[in-house]
Structure formats: structure tokens, C-alpha cells
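First the structure, in the form of C-alpha cells, and then the observations on it.
The values are calculated or read from the model by the stated rules, or taken from the named source; none is laboratory data. These numbers were taken from a predicted model, which means no experiment stands behind them. Here the Cβ positions follow ideal geometry from the backbone for every residue, glycine too, while neighbour counts run over all protein chains shown. Please note that ligands, DNA and RNA were not included when accessible areas were found on the heavy atoms of the full protein model with its side chains. Shrake-Rupley method; radii C 1.70, N 1.55, O 1.52, S 1.80 Å.
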Amino acid sequence: MLLVFAVSSVAANACCPPPLAPISSVDRHLTDLTGASDKTSKPIEIKVVVINMFEVGADIGDAPGEYQYWVEREHLDTVIPFAAGYHELRLNEEKGILGVLTGVGTARTAATMMALGLDPRFDLTHAYFLVAGIGGIDPRMGSLGSAVWSDYIVDGDLAHEIDAREIPKDWSTGYVPLGKSTPYEQPRAARFGDDGNIYHLNTSLVDWAFALTKDTPLPDTPAMATRRQQYAEEAAHHPPFVLRGDNLSASTFWHGKLLNQWARDWVKYQTDGHGTYAICGMEDTGTMQSLTWLAHAHRLDINRVLVLRTASNFDQQRPGATAAESLGETKIRQYSAYLPALDAAYRVGHLVVDHLVANWPQTRDHIPSAPPR
């Protein structure tokens, strides 16, 4: 089913080589598998949690994945053991910014985020959460290197499926919503109460983040300019820009025009017509599921979550190429806009992070919102 981007090439960070610069380490009398401290220690108040999904080597100093620019540029220099999660944590103690690397896919991400939320070493009750990753963009919505703020995060994994070679001739897809018998059967309803198919972020906070960052200059290259001109859609021709659009999340790396149309239709269906598919990612419903349940347990505020994805590649083939040929070109670190997209995720995302931290006397207790239009 899903995703046109950072899928492989992450296993290396499970055991990273030694960092290239001196770092400090926090070990607060670990007592169990979570790396939790004893109950007499005061939890560290976290202002912002930056959530990245993959790294390709060490956290600093080599070829970057989603994590490295944040570690280096936000000075996440304090390393904190995190045995119950995918990767050790990193903290800027002065600013209260915590970096977490989740691993690829909804399962690893959900487990890592749940472990973080239950870790008694941290006070997350006033924290903001920023997912910052790369993805494949719909050329009808944006261009290579563009940055997408999302209101809806929609799951693309939970479904019935019939092989494409066996679907009825009048079906547009072999994917069928859970509990239904045909694609996009109405009325839409979750089969098991809240299936975790749809997450609607705090629109007011997304409005604010978009307004703050919409004019951010984003990196462009001659190679990106050449590639985007090969697509027919007008939005694909623009230099990188910041936009609003919705996110389809699933752990299957999908590609091609036909699955792109499925993504558009699936997001429309699951959001009752309110959402518009723009970009895909592999982990974001896993993140949202854990954060939602942690909010139910009063560990955090679900209204303080933002999801930012930047376009490392298009989610479909260009004219003249097949989907299979295009997929063959779509490998980690070979994406048309891999490094520019990583840079764009930081350039856009850090404006939000730094504003929240710099204005903590206000943002701690009051969620920012955009001025009235």
C-alpha cells in the first residue's frame, strides 16, 4: 500500500558508531527496561519533542538522515539511554528540546512513542510534538523539496485487499475499507469503534505553524528543476514552497499513478471529503495512535502535535516512464530531492520549535494560534 520515501536504509542506526564530537550522557539511576529513573528524581520538563524516523549512520558528522540536522543544528548534545525505544534519546538541556528517533514503520514508531510517553524521567504535560520527515508528494499538490503541514493524518494499512488481477471490472481498486464489501462503500464508519484510521490535528495550531513558515525560502537545485519540468501538473513546476495538505500514512512503500489516485480517493473517503491528499509517510498514524492514548492517560496534550513532511520525491512516475522504472530510481539517498528535503524539514520546522522555546512563558500554558484572517 504506501509510501514513496524513506523506507529502507535505517537499520544502521540501531547500533551507531561512536559520535565524532564529545557528548555528555544522562543516566538517572536506571531501574527497568524503560531506562526509568527512581521515583525521587524530578522529571525533566520538555518543551518540544522533535520526532524523526530514520538515520543512515551516526547521529552526527556523516551522511544525514532525518535525525542528523536536528541533532547538529539544535545542539541535542546530551545522550540519554532509552532501552525500551528504538534509539537513544538526545536532549538540549538548556532549551528543553528532546529528539527521538523512532525507526521506520508504524509498529516501531508506535512502540517508541508509547515508551517515551510513559518514561517517568520526562514531564511532557506541556510539551509540543513535531514530526519532521520526508515523503513522496503528489505532483498535483506540490513540487520537489516542498514542505507540507497536514491537518489530517490518514491510515492506509487498515483495509481489506484483493489482488489487482482478481478485482471486479467495475472496481477502481482492490482496497476495501474494513467492514465494507466494495471500495469506498457508504456510509463510512469505523468497524471497531475508533479504528485509528483518521487523526485530525489541532487546526488552530496548524494555522499558526503555516502562517509562521509559509514564506520560508527552501533549497532548490538544477537537478530538481529538471526533474519537476518532466511532470505535467502545474504545481509540480514551482520551486519548493510551503503548503497545506493531508498525509497518508502506511508501512508499505507504494508508487505509481494508479496508487496515487487510490491515495487521493482514500483520503477523501476517510475524511468524509474534508481532507486532500498531498504527501505520504510511513509512520505518522503510529505516532498519532500512541500520542492519542497517552493524552487519554493525561501524559500529554494531543492538541500540541504538528506533522511536517517535505518532498524528497514524487509519488509516481513521470511521463514516458513506467511505475516500475520510476520505483527503481526511488531509493534512499538517491531521491531527486533527498538532501534538500532533509534541509527543508529543518528550515521550516526549526522556526516553529525555536519560537515555542523562545516564548515559553506564554506557550507553556497557551497554545499559539494564527491571527484572524
Worksheet item: Hey, among the residues in the stretch 234-254 that are in contact (Cβ under 8 Å) with a residue 24 or more places away in the chain and in a helix (DSSP H, G or I), which one's least open to solvent (accessible area, probe 1.4 Å)?
Response: ALA236
Item to complete: Could you identify the single residue in ALA189, ALA209 that is open to solvent by less than 70 Å² (accessible area, probe 1.4 Å) and either polar (S, T, N, Q) or in contact with a helix residue (DSSP H, G or I) (Cβ under 9 Å, 6 or more places away or on another chain) (or both)?
Response: ALA209
Worksheet, complete the sentence: Going through the stretch 280-318 in order, the residues found to be part of a helix (DSSP H, G or I) and among the charged types (D, E, K, R) are ASP284, ARG304
Item to complete: Report yes if HIS274 is farther than 22 Å from LEU144 by Cβ and either acidic (Asp, Glu) or modelled with pLDDT of 95 or more (or both), otherwise no.
Response: yes
Response to the item:
Condition set under 22 Å from the mean Cα position of the chain (by Cα) and surrounded by fewer than 19 Cβ atoms within 10 Å (Cβ to Cβ), scope the stretch 295-328, selection farthest from SER204 (Cα to Cα): answer is LEU327
Item to complete: Identify all residues within the stretch 356-373 that are open to solvent by less than 90 Å² (accessible area, probe 1.4 Å) and modelled with pLDDT of 95 or more; write none if there are none.
Response: LEU356, VAL357, ALA358, ASN359, TRP360, THR363, ARG364, ASP365, ILE367, PRO368
Worksheet, complete the sentence: Of the conditions (1) crowded, with 22+ Cβ neighbours inside 10 Å; (2) of a type outside the set (Ser, Thr, Tyr); (3) more than 16 Å from the chain's Cα centre (by Cα), the single one that VAL154 does not satisfy is (3)
Discussion item. Suppose we filter TYR199, TYR231 for residues that are surrounded by 14 or more Cβ atoms within 10 Å (Cβ to Cβ) and either of a type in the set (Asp, Glu) or in a strand (DSSP E or B) (or both); which single one remains?
Written reply: TYR199
